[in-house]
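This report concerns only the one structure given below.
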Amino acid sequence: MPDEWLTERSSLASSRQWSIGVNASGGLLAANTFQRTDRLYSQHGTFTYNGDKSPTGPAGWAYGKAENGSDNYQGYYFVNNYSYTLTEYVSKHHLPIRFGLSVQYQLNNHLALHSGISYTYLYSEFSIPLYQNLSYDQKLHYLGIPLGVTWQLWSTNRFHFYLSGGAMVEKCVRADVDGSSVSKKPWQWSVAAAAGAEYTFIPQLGVYLEPSLGYYFDDGTSLEHYYKEHSLAPSIMFGLRLHLNE
C-alpha cells in the first residue's frame, strides 16, 4: 500500500510540469506616516535700494518707494536676508497593492522554476500642516517580472507545502503627482523569500497562500514611497493555480 501511494504521488508530480496562476497581494504593515522638518524659505526679504549700481549679492530689479517714502523708484535692490520657518512635511504611504500572472515549470518532484508578470500600485499623500490647503498625492504604477525557484517540502493528495525565493525587477511606467505626470520613472529591484501552502480542489486546480518577506533596494531617485520607508517589507499573496498535464 505505501509503495502504491508513493508511485501515485510520483506520477502525479511528474505530470504537473507546467502551472499557470493568477494572484493578488498586499502589505502587512500599517500605512506609514513620516514627518520631516525642513526650512521653507519665503520669497520676500529685506530690501535696500542701490540706485543704478550693480549689486554684489542676491539682488534684482524692482519698483518701490524711496527710503524717505516720498517718491517711487526703479533700480537695483539688495536682499539683506531671507526669512524662513521650520516646517513639518508629513507623508503617508499606503500599503502596496499587487496583481500578477505566474507560470511555473516543474523540474522534478521537489524543484520548480517560476516567473510571470506583475502590476504594483503605490499611493502616497503629502501635506504641510502649517498651510492647511497645501497637500497633494502621488500615484506610482509599476510593471515587473519576477524570477525564482520553489522547493516542495511536503505533499499529500490535497495539501502542498513549499518554500520559494527569487528576485524581481520592476519599471515605473507612470508617475503622477497631484494629477500631473512626472518624468521620473525609476527601476525598482527587490529580492524575496516566501513559505507557501496550496490546497487542490481537483488535481488540476488549487488555491494557495504565500506569506513573504521582501527587501527593496533604493531606486536612486528623490521620489518618496512605501518601499523607501519600508525597505524590508512583509506581504501576503493569495491566488489560484492551474496545473497542466503534459
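How fast does the range 199-246 diffuse by Stokes-Einstein, in µm²/s, taking the Kirkwood radius from C-alpha pairs at 25 °C and 0.890 mPa s? It comes out at roughly 182 µm²/s. Rounded to the nearest Hz, the phi-derived 3J(HN,Hα) couplings of the range 97-105 under the Karplus curve 6.51 cos²θ - 1.76 cosθ + 1.60 (θ = phi - 60°) are 10, 9, 10, x, 10, 10, 9, 9, 10, where x marks glycine and proline.
Please get the size of the charge dipole for the range 152-214, origin at its Cα centre, with Cβ charges of +1 on Lys and Arg and -1 on Asp and Glu, quoted in debye to the nearest 20.
Values: 5 positive and 5 negative charges, 30 e Å.
Computed charge dipole of the range 152-214: roughly 140 debye.
Heavy atoms only, 1.4 Å probe, whole protein assembly: order 238, 161 by accessible area, highest first.
Values: 238 120, 161 75 Å².
The ordering from most to least exposed comes out as 238, 161.
At 1.4 Å probe size, with every protein chain present, just tell me what the per residue accessible area of the range 133-208 comes to in Å². Could you put the intermediate results ahead of the total?
Numbers: 4160 Å² over 76 residues.
Per residue, the range 133-208 has 55 Å² of solvent-accessible surface.
Residue 149 contributes an accessible area of around 70 Å² to the protein surface, as traced by a 1.4 Å probe with all chains present.
With viscosity 1.567 mPa s and temperature 4 °C, the Kirkwood radius over alpha carbon pairs of the range 87-215 converts through Stokes-Einstein to a diffusion coefficient of 75 µm²/s.
In this view, the solvent-accessible surface of residue 171, computed with a 1.4 Å probe and all protein chains in place, comes to about 60 Å².
The candidates 168, 237, arranged from most to least accessible area with a 1.4 Å probe in the full protein assembly, appear as 237, 168.
The values are calculated or read from the model by the stated rules, or taken from the named source; none is laboratory data. Bear in mind that the values here come from a model prediction, so they are computed numbers and not experimental data. All Cβ positions, even for glycine, are placed from backbone atoms using ideal geometry, and neighbour counts span all protein chains on display. Heads up: the accessible areas ignore ligands, DNA and RNA and are worked out on the full protein's heavy atoms, side chains in. Shrake-Rupley method; radii C 1.70, N 1.55, O 1.52, S 1.80 Å.
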